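The next block holds one structure in the form of C-alpha cells; read it before the comments.
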Amino acid sequence: MTVTGFEPIIKVVEEAYEIPHLNATRKISALLPYNYYDTDKHYPVLYLQDGQNLFNPEAPYGDWAIDKSMAKLSEEGLGDLIIIAVDHGENERISEYLPYYHPRFGEGKGNFYIQFVIEKLIPYVNKTFRTLTDFENTGIGGSSMGGLISLHAGLQNPGVFGKLMIFSPSLWISNTIFKHTKSFKPLEESKIYLYAGGKESIEHLPNAQRLGGIIKEKMVKGHHIDFHFSINDDGSHSEIYWREEFPKAVKWLYFNS
C-alpha cells in the first residue's frame, strides 16, 4: 500500500526519446523524490531497465511497484534517489540487452545500448535534473536480460557505474560474462547487489553462485568491491520477487554507508 504524501513524482521524460546508437526511440520516465520541487538538493541516480515493468500494475507479468517502495522508503527518510526508467524494445529486447554474440540471437546490440546510456542519456539526465554526477552516486540495474546488460555495463565501464543492482541475471546466455567478471578492475569501490531465486530455471542459481564466487575471490585479492548476495529459496523468475527485493537492494546500495 502506498504511503500517502510520500509518493514519488513520476515524470515522463519523453515518450519517444531518440537512441541514435540503435536507430530507435524509447519511452523514458523519471521517478523523483516526493519533495523534489521543495528543495534544492542534488540526488544520486539509479538507471533501471525494462521500464514497462517497474511501476505499471497493468503490466502483463506484473510490476516491481517501485513507486510504492520508494514511498515507503521516503517515509523512513530513505527516499533521496532519482530513478530513471528506460523502456525495453519489445521484440528487440533480447537483442538490445545482449552484449555478446549468441548462436540463436546473433550479434547482440547491448554495447550500443550501453553506449547510448553513457554518451547521451546520463549527460541529459544530469543536465535536466539535480543529480550527484560522480561514480559513487551513479547506479544501474535490472532483472533477467536487464540484469545481464546492467552487470556488463558496470564491468566494462568501471569509472561510470559505482552501484550495480543485479536481479536474476541471464548468465546462461554467454560464458563471456564470467570472463569479464574475472578481469574486472574497479577504479574505486564498487557496490554490487546480486539476487537470485531458488526456483528459477535450473541454471539460474548455480550461475549466480558461480558469479558470486568470482566476485568474492576478487575481494579476497584486495579489489575494491562491496558485495551482497541475496537468495530467496522460494523465488521464481518473476516480477513479484524482484518487487520484494527492490527496497532491500536500494537500502543496501544507497543508504548503507
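The values are calculated or read from the model by the stated rules, or taken from the named source; none is laboratory data. Nothing here was measured: the structure is a model prediction, and the numbers come from that model. Glycine also receives a Cβ, built like all others from the backbone with ideal geometry; neighbour counts cover every protein chain displayed.
Residues that are farther than 21 Å from GLU18 by Cβ, among the hydroxyl-bearing types (Ser, Thr, Tyr) and at pLDDT 95 or above do occur in segment 144-162.
Conditions tested, residue by residue: (1) surrounded by 20 or more Cβ atoms within 10 Å (Cβ to Cβ); (2) out of contact with any helix residue (DSSP H, G or I) (no Cβ under 9 Å at 6 or more places or on another chain); (3) among the basic types (Lys, Arg); (4) under 18 Å from GLY139 (Cβ atoms).
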{"residue": "LYS41", "(1), (2), (3), (4)": "no, yes, yes, yes"}
{"residue": "PRO60", "(1), (2), (3), (4)": "no, no, no, no"}
{"residue": "ILE66", "(1), (2), (3), (4)": "yes, no, no, yes"}
{"residue": "ALA71", "(1), (2), (3), (4)": "yes, yes, no, no"}
{"residue": "GLY79", "(1), (2), (3), (4)": "yes, no, no, yes"}
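If you go through segment 34-60 and pick out every residue that is within 18 Å of the chain's Cα centre (by Cα) and in contact (Cβ under 8 Å) with a residue 40 or more places away in the chain, you end up with 10. Residue check: is GLU96 of a type in the set (D, E, K, R) and more than 19 Å from SER168 (Cβ to Cβ)? No. Among the residues of segment 215-230, just one is buried (at least 16 other Cβ atoms within 10 Å of the Cβ), in a helix (DSSP H, G or I) and at pLDDT 95 or above, namely ILE215.
Across segment 231-257, the qualifying residues are those that are surrounded by fewer than 15 Cβ atoms within 10 Å (Cβ to Cβ) and farther than 22 Å from ASN53 by Cα, and the one among them that is nearest to the chain's Cα centre (by Cα) is ASN256.
Is it fair to say PRO20 is of a type outside the set (A, V, I, L, M, F, W, C) and surrounded by fewer than 19 Cβ atoms within 10 Å (Cβ to Cβ)?
yes
Taken over segment 97-130, the criterion of being exposed (fewer than 15 other Cβ atoms within 10 Å of the Cβ), at pLDDT below 95 and under 23 Å from PRO158 (Cα atoms) is satisfied by TYR101 alone.
Criterion applied to GLU92, GLU119 was being in contact with a strand residue (DSSP E or B) (Cβ under 8 Å, 6 or more places away or on another chain), of a type outside the set (Lys, Arg) and farther than 29 Å from ASN256 by Cβ, and the one residue passing it is GLU92.
Taking interchain pairs and intrachain pairs at least six residues apart, which have beta carbon atoms under 9 angstrom, with the first residue in segment 16-29 and small (Gly, Ala, Ser) and the second surrounded by 19 or more Cβ atoms within 10 Å (Cβ to Cβ) and assigned to a strand (DSSP E or B)? Here the result reads ALA16/ARG26; SER29/ILE83; SER29/ILE84; SER29/ALA85; SER29/VAL86, each pair linking segment 16-29 to a residue that is surrounded by 19 or more Cβ atoms within 10 Å (Cβ to Cβ) and assigned to a strand (DSSP E or B). The set of residues from segment 25-41 being part of a loop (DSSP other than H, G, I, E, B) and over 20 Å from LYS251 (Cβ atoms) comprises THR39, ASP40. Of all the numbered requirements in (1) under 22 Å from GLY162 (Cα atoms); (2) surrounded by fewer than 18 Cβ atoms within 10 Å (Cβ to Cβ); (3) among the basic types (Lys, Arg), LYS199 misses one, and that requirement is (1).
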